[in-house]
Every structure is written in structure tokens, then in C-alpha cells.
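J.: One structure follows; several queries about it will come next.
What follows is calculated from the coordinates using simple rules that are stated; it is not laboratory data. Since this is a predicted model, take the numbers as computed values, not measurements. Don't worry about glycine lacking a Cβ; one is built from the backbone with ideal geometry, like all the others, and counts go over all protein chains shown.
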Amino acid sequence: MFSLLLTQAIASGVVTGCVYALVALSLVIIYKSTDVVNFAGGELVMLGAYVGLLALTYFEVSYAVMFALAVIAVFTTGAIFERVVLGTIVGRRHSAHTELVPLVVATVGFGYLLKGLVRAVPYTEEVRRLPPLVSGPPIFIGEAILQRHDIAIIAVTVVVMAALTVFFNFTLTGKAMRATSQNGRAAALVGIPVKRMRMAAWGLASAIAGIAGILLAPKLLMTPDMGVVVMLAFAAAIIGGFTSLPGCVIGGIALGIVQNFVGILLSPQAIAVTPFFVIIVVLMLRPQGLFGEMIATKKV
């Protein structure tokens, strides 16, 4: 019986961790590209879920079309925010170095703005759920039982990771984005449009957060406050390393499994504090995360 519980905990933890990993990927892409910690990441997750719900219920499109529309909408929202708000803040700085505090505060305001806009739409305060991406009887993997939507979450996460690997390593735009994240001034000197790359990075990261929202909405009750999942994504990114894309994926999956183990071995009430305890332990032992690089001190 105990082995069955542990097997189920690992399987369910991998599924939950994949959602954490997608949101953490969104945070890390923005941080690596702009040095900004995006505190609106949870609201972008929420926005993806509600755009998907709107497309399904009001426009009555197919799930595939809804998925595409939601990703495009959240991509556009993130890109416009970077160009209009963050670009304006950076362009008006009065020193040779970008002040990061106004940029971070802007992301906090952006999150509250998105939440307020969603609340202004009728019936969004009602608790809802998206239909699962794939329906049908559960699937047995050994002793573990997973819903077909859980398998879809794992599959989508793998596809997103593979697509990002190809994008960043084998496309000119991906390489330009990597160069911009490593040294924006040097990238500009060799002709890379740094502003455009940063806008694209925000759009890409926002789209990934939107995908996470669509995957999460069938499993979590939808409310305008569902973006609190970003705190778990922060934990995943810190565990894996805030500068490592593969690290945040491993960190997300590890966090999902650890949470389930804590719920089984200690108490379900202890699950809520587990991410913060893990963050403290990781920061004490390895501040850069398990797979992250030491961050050089910057004069701002």
C-alpha cells in the first residue's frame, strides 16, 4: 500500500511539476533577457486561462483554435507591455545604467492591471474550469493512475522544451535573443536589434505562461486570483537556478514530487509551506540554484 502511494506521488508530482516548470520557464526567459523579475507572471497564466474560456464559451471555437488564439493573445499582451511600458522606462533613464526597481514595480502594476481587467468582465468571479485537453478513461502506469489530461500536460511540456531548445540553438532569432541576454551592448554593436529581441523575449515568455494557464485551468478552479501559482514557479526557478532553463524544469518537477511526498509522509497541511522551506534551504546551501551560474554583481 505504501509503495502504491509513493508511486502515485511521483507520477502526480511530475504532472504538477511540469506546470510549475512552464511558468518558471517564462520567468527565467524574461530574467535572462532583461534582468527583470516578472511579478506579473501569475496574471499572465490567469489571462491565458480566461482567454481560452472566452474562446470556447463565447466564440465556440474548437480546442485547437482556442489554444492558438490564447497563446497569440498572451504573446501580444506581453510584447506590447515590454515595448510600451518597460521600453519607455528604460528610454527615460537619466544614468548610464538601467534602474531595475522601476521595471520590477512596473511588472507588479501590470499584474494588478490584468487582474482588474479580468474582474471587470461579467461572470469572471464565478468559479469555473476549462474542459480537459484530452478526455477519456484514466491510464494506468504501473501502479499509478493518471488522467489523460495529465499525460497531455507532460507531452505539451516536453514539446515546449524541445521547441525552445531548437529555437535558441538553431535559429537566427533564437541566437540573437541569447546574445542579447548575455551582453546587450555587444549585441547592438554587431547589428542585433536589441529592443526587438527584448520585446520578442517578453512575448515568448508570456505565451509560455498562457500555455501553462490553459493546462492548469482544467485541474484548478479558475478565479482572477489563480495566478498565485507563480510563487511555486519562483520556488522552482530558485531551486533549479534562475539563469538555467533546464534547471528550472528540473526544479519544477522536483518541487512537485517533494510536495506530494511531504503530503503523504508528514501532513497535507505541510504542502503549502514546503516550497518556501525548500527555497530557504537551497539559498543557504547554493544561492545560485542547483544548475545556475554565479551571478556577477552589477552596478545599477
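J.: Please list, in chain and number order, the residues 5+ apart from Ile141 or on another chain whose amide H is under 5 Å from its amide H, with Hs placed from the backbone.
T.: Residues meeting the amide H criterion: Leu146.
J.: What relative contact order, as a whole-number percentage, does the range 133-234 give when Cα pairs under 8 Å and 6 or more residues apart are counted?
T.: Numbers: 50 pairs, mean separation 15.3, N = 102.
Dividing the mean separation by the residue count of the range 133-234 yields 15 percent.
J.: Once you list every other residue whose beta carbon is under 12 Å from the beta carbon of Gly111, what net charge do they have if Lys and Arg are +1 and Asp and Glu are -1?
T.: Details: positive: Lys115; negative: Glu43, Asp225.
Charge balance in the 12 Å sphere: -1.
J.: Computed from the mean reciprocal separation of all distinct C-alpha pairs, what Kirkwood hydrodynamic radius does the range 147-300 have, in Å? Could the numbers behind the result be given before it?
T.: Numbers: mean 1/r = 0.0570 Å⁻¹.
About 17.5 Å, per the Kirkwood formula over Cα pairs.
J.: Within the set Lys32/Lys175; Lys32/Lys195; Lys32/Lys115, which residue pairs have Cα atoms separated by over 23 Å?
T.: Numbers: Lys32/Lys175 13 Å; Lys32/Lys195 14 Å; Lys32/Lys115 25 Å.
From Lys32/Lys175; Lys32/Lys195; Lys32/Lys115, over 23 Å: Lys32/Lys115.
J.: Relative contact order of the chain: what whole-number percent is it, with Cα pairs under 8 angstrom and at least 6 residues apart? Present the calculation step by step, with values, prior to reporting the outcome.
T.: Working: 481 pairs, mean separation 108.8, N = 300.
So the answer I get is 36 percent.
J.: Under Stokes-Einstein, with the Kirkwood radius over Cα pairs standing in for Rh, what whole-number D in µm²/s applies to the range 219-278 at 4 °C and 1.567 mPa s? Don't jump to the answer; show the numbers that get you there.
T.: Details: Rh = 12.1 Å.
Rounded, D is 107 µm²/s.
J.: Among Leu204, Leu117, Leu215, which one shows the highest mean-square fluctuation when the chain is modelled as a Gaussian network with alpha-carbon springs under 10 Å?
T.: Evaluated over the chain, the most mobile residue of the options is Leu117.
J.: I would also like to ask the following. Based only on Cα atoms, what Rg/Rh ratio does the range 1-57 have, Rh being taken as Kirkwood's radius? Don't skip to the answer; put the middle values down first.
T.: Working: Rg = 16.1 Å, Rh = 13.7 Å.
Radius of gyration relative to Kirkwood radius: 1.18.
J.: In addition: What longest region of the chain stays clear of chymotrypsin sites (Phe, Trp or Tyr not before Pro) that DSSP places outside H, G, I, E and B and that have at most 15 other Cβ atoms within 10 Å? Walk me through the numbers before you get to the answer.
T.: On the way: sites that count: Tyr58, Phe59, Tyr123.
Result, exposed sites excluded: 124-300.
J.: At a Förster distance of 30 Å, what's the computed FRET efficiency of Val108 paired with Ile72, Cβ-Cβ distance as r, to 0.05? Write down the numbers at each step before the final one.
T.: Values: r = 25 Å, r/R0 = 0.84.
The formula returns an efficiency of 0.75 here.
J.: Could you give the length gained on full extension between Arg92 and Leu4, defined as 0.36 nm per residue of separation minus the Cα-Cα distance, in nm?
T.: 25.8 nm
J.: Sticking with this one: From the phi of every residue in the range 250-255, what ³J(HN,Hα) in whole Hz does the Karplus formula 6.51 cos²θ - 1.76 cosθ + 1.60 yield, where θ is phi - 60° and glycine or proline is x?
T.: Per residue, the Karplus-derived 3J(HN,Hα) values read 5, x, x, 5, 4, 5 Hz.
J.: Taking the Cβ-Cβ separation of Arg83 and Phe276 as r and a Förster radius of 30 Å, what is the calculated FRET efficiency to the nearest 0.05? Walk me through the numbers before you get to the answer.
T.: Working: r = 34 Å, r/R0 = 1.15.
Efficiency computed from Cβ-Cβ geometry: 0.30.
J.: Give the average over all directions of the projected area of the C-alpha convex hull of the range 40-189, one decimal, in nm². Intermediate results must be reported in sequence, preceding the final value.
T.: On the way: hull surface 51.5 nm².
Projected over every direction and averaged, the Cα hull of the range 40-189 covers 12.9 nm².
J.: Given contacts defined as C-alpha pairs under 8 Å and at least six residues apart, what's the relative contact order of the range 74-177, whole-number percent?
T.: Details: 38 pairs, mean separation 10.8, N = 104.
Result for the range 74-177 is 10 percent.
J.: Follow-up question, since we're still on this one. Quick check: residue separation of Ile141 and Met231 times 0.36 nm, minus the Cα distance between them. What number comes out in nm?
T.: Numbers: separation 90, 0.36 × 90 = 32.40 nm, distance 2.99 nm.
In short, 29.4 nm is gained.
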